[in-house]
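Only the coordinates and a few stated rules stand behind these numbers; no lab work does. Keep in mind it's a predicted model, so treat the numbers as computed, not measured. Don't worry about glycine lacking a Cβ; one is built from the backbone with ideal geometry, like all the others, and counts go over all protein chains shown.
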Amino acid sequence: MQNNDINRQDQEILELLKDYPMPAADAGFYDQALVRATHEGSRRQRNRWLLTGFGAAIAATIAVWMIGGMLLTSQQLPDAGAAIPGVTIALEQSRTVNLVFASATALESATLTVSLPDGIELSGFPGQREITWETSLNEGKNLLPLTLVALKPTGGELLARLEHDERNRTFRLRVDVT
Amino acid sequence: MRPHFDRLYRLAWRLTGAKAEAEDLFQELLIKAFGKLDDLVVIDAPGPWLCRVMYNLFIDEKRRFARGRIHTVEEGQLGGEGIASLPGSDDPVHDNQRLEKLKQLDKALAQLSDEHRMVVLLHDAEGYKLAEIEELTGTPVGTVKSRLHRARARLREILTADGTIS
């Protein structure tokens, strides 16, 4: 076959490829996809407890909690005089805070309850001051990312209460808003 | 992210070849990106980054996203006002011939390997540069070039054999 023929055929194929049809997204698809991503992303974030081998991702980590086995026997809040870890969030901005839990043993069906101070919301849960869900912990370190949004300049204390069987621990986090 | 949506949706379509799977892939990308919002704020060029994430998602879950490759081009699948949106819509005979050729092209594309089909669609249909395809797929530009050359040759072979082009 002559080179001229090949070039002409290639050109024709190229023109066909440029015309190769593809529909535009349906009206409203992008908006719906964003809404679904917001809800689903929040759900997956909460379930992302199972990070046992992590490195750079925990740069923002603010606490390591020892739980499980004998260490989960405490029924009380930590000593009120103990230093409470804290984070600062800009008003109307979100910030992801990673809580790290080190468990001596794997725990099935633990219940986690997050209580939020006035003016602070958990992304994906507008208007909810207390969110509870069931989860499992692996033996070793478990990461719980919480994306907080500051709606008022008040700030306050966030409580994360973990319960398993009849034992529980409560973690306190100071949230300041600037 | 919104300014990148059209390009990402088109990429999803090119990768999967079908609407439902393209929408699934696009959705999955947004969910993944949602968890990286903090990173996205500081990424210099979120567009290419999002394209790479989408490509990797597609590769990771190829079976799920590639199950419905189209085999024909129906007018209902065409963008805008269907066939009227194609160039030369004032000539119905020409339009019908062109639609037939597009159907044959679609069948020919379905006969290419995934790698060859992807590179020819991204480069020749979507206008991605070779370096962009290299960045997107992680395939060296020399290999991309070679695949493009072979993909075009194979398309020429199929489309001349069935009489679509002469």
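For this structure, a couple of remarks:
- Unsatisfied cross-links (Cα-Cα over 28 Å) in the set B:LYS32/B:LYS101; A:LYS18/B:LYS32; B:LYS19/B:LYS103; B:LYS32/B:LYS145: B:LYS32/B:LYS101; A:LYS18/B:LYS32; B:LYS32/B:LYS145
- Exposure proxy order (Cβ contacts within 10 Å, fewest to most) of B:TRP49, A:TRP133, B:TRP13: A:TRP133, B:TRP49, B:TRP13
- Spin-label model, A:ALA27 to B:GLU157: label points 7 Å out along the Cα-to-beta-carbon direction sit 4.7 nm apart.
- Amide hydrogen proximity for A:ILE120: with H placed 1.01 Å from N in the peptide plane, the residues at 5 or more positions away or on another chain lying under 5 Å are A:LEU151.
- Close amide H partners of A:MET22, meaning residues 5 or more places away or on another chain with modelled amide H under 5 Å apart, are B:GLY79.
- FRET efficiency for A:LEU151 and B:ARG2, using Cβ-Cβ distance with R0 set to 25 Å, rounded to 0.05: 0.60
- Segment A:THR132-A:GLU166, extension gain: residue separation times 0.36 nm, minus the distance between their alpha carbons: 10.6 nm
- Theoretical gain in end-to-end length, A:ARG8 to A:SER109 [0.36 nm per residue, Cα-Cα removed]: 29.6 nm
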